[in-house]
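Here's the structure, in structure tokens; my notes come after.
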Amino acid sequence: MKNAHERFGFAEFEKKLRDTATRIRITADCFIGERPENAGHSDGHLLSAFGTDVEVAALWAAILAEEPIRVGGQDLKPYMVQFGERPAVYRGTLTVPGRRRPVRHLVVASTQLRAEGDQARIIVKSDSPDLILRSVANLHGLPLLSDWSEWFRIRLQKAGRVRPLSGLNCVPVAIRGTKSEFLEWIGAGLKNGEIRIPQP
Amino acid sequence: MVLTCRHPPRSNSLSFNLLRLHKLGHSGMNRPPARRRPASFSQGAGAAVAVGRPAQSNDGAGLPMGSLILFERHRGPALPVQLLHGRRGDEMMLSMRSSHKECPCILNAKCVFRQKRGNGLLSTAGLINGRFGSGDRLHVAAWKTKKRVIRTEENEDEKTIIREREQFVHELALAFANGETALIE
């Protein structure tokens, strides 16, 4: 793929001490976070970035210390994010042929993305109806069929339960709703004939 | 059937001791069951009988230096892995000791999953999820496990004892063709 690097964004960490300032900037290929707020830092949910061993180690330490990180990229205006308490941070090594040193890969996932916090809010990487339906069905354990994806998306939007998030190389959305609510919708949809169960 | 034998405290290697059993003719791998049952050996379905001490929960997992206990069920070729395997149904114990990690037979342990209770196996396999029934009873089912924490607080002499008990429950959500929905726990 030509010019693949143009799709990349960046994750930047800056630490100012008394007389020195350290700035570390690594390349990010994916990011999901809340929309930028006027004041303060927004919540970040997912970050996938890569760089050298030292850069990734510094960013890893900053994230675990709950330091704010600036994230930006194409179609994403740079803004400050924090990943909150106990984010899951994974590091991997990518060996690139022709390069002397391996590239380190960092993935950060917030507790909310891992569905450990608020169960009534689900973060989905793409706004496609199929992915939304699958995510909601899997997380809540709902009796949903793949044929109902379009109906479910329209129902969510009508109820104002879909909220777009900021994303880099993705179109993330947050879905709000409880299991009992969604089950009620399914029951009403079947009763009204909006959806039907095909014979097995 | 369980075989119990005592060995000299020279080695704690399972494979070595098995070899010694072969030499002594006590393991009886290629013999019919009637011939490989010495009078001094005890019998029992998976029961553990230790020589000189009562059976313990870590029998076989941490092999004592002085008295090695071997267990055999005679379902297949008698290997050290099978001697240890399936007695307590807890293979997690095997790799906890470094001495076991050194034994290649244990590392090659065959994983046998035995369902103990409930429909966990069925549900995790996704066999409960999907469309079932016909006519008015046609429905879609979705299964999920839920973790519950039961928290109790007791006040005793200006002290508060907090107990948290974790439970995993099955939850089955159903949506019928006529619009009825149900949530079964």
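A simple spin-label model places the labels of residue B:150 and residue A:139 2.9 nm from each other, with each point 7 Å out along Cα-to-Cβ. Distance between the 7 Å Cα→Cβ label points at residue A:159 and residue B:180: 2.3 nm.
Look at the alpha carbon pairs under 8 Å that are at least 6 residues apart: their mean separation over the length of chain A gives a relative contact order of 19 percent. 3J(HN,Hα) along region B:130-147, derived from phi through the Karplus expression 6.51 cos²θ - 1.76 cosθ + 1.60 where θ = phi - 60°, amounts to x, 9, 9, x, 8, x, 6, 8, 5, 8, 10, 10, 9, 9, 7, 9, 10, 9 Hz, with x in place of Gly and Pro.
Counting other C-beta atoms within 10 Å, and keeping those with at most 12, which DSSP coil GluC sites (Glu not before Pro) do you find in region A:65-118? Please list the in-between numbers first.
Numbers: sites: A:66, A:85, A:116; in loops: A:66, A:85, A:116.
Answer by residue number: A:85, A:116.
Going from the fewest other Cβ atoms within 10 Å to the most, the residues B:131, A:196 appear in the order A:196, B:131.
Each 10 Å bin from zero up to the one holding the largest Cα-Cα distance in region A:99-200 carries the following percent of pairs: 14, 44, 24, 11, 5, 2, 0. Applying 1/(1 + (r/R0)^6) with R0 = 25 Å to the Cβ-Cβ distance of residue A:126 and residue A:194 gives a FRET efficiency near 0.55. Our summary of shape: the Cα atoms of region A:62-101 have principal axis extents of 36, 28, 12 Å, ordered from largest down, in whole angstrom. Across region A:8-28, the residues whose backbone nitrogen lies under 16 Å from the label position 7 Å along the beta-carbon direction of residue A:96 are A:8-11, A:25-28. Other residues within the sphere of radius under 11 Å centred on the Cβ of residue A:140, judged by their own Cβ, net out at +1 (K and R +1, D and E -1). Dividing the convex hull volume of the alpha carbon atoms of region A:1-128 by its residue count gives 145 Å³ per residue.
Once the Cα-Cα distance is subtracted from the 0.36 nm per residue extended length, the residue A:146 to residue A:54 segment shows a gain of 28.6 nm.
For region A:55-126, the set of chymotrypsin sites (Phe, Trp or Tyr not before Pro) satisfying both a DSSP loop assignment and a count of at most 16 other C-beta atoms within 10 Å is empty.
Any read-out appearing in this document is the output of simple, stated calculations on the displayed coordinates, not a laboratory observation. Computed from a predicted model, the values in this text were never measured in an experiment. A quick note on method: Cβ atoms are made from the backbone with ideal geometry, for glycine too, and the neighbour counts reach across all protein chains shown.
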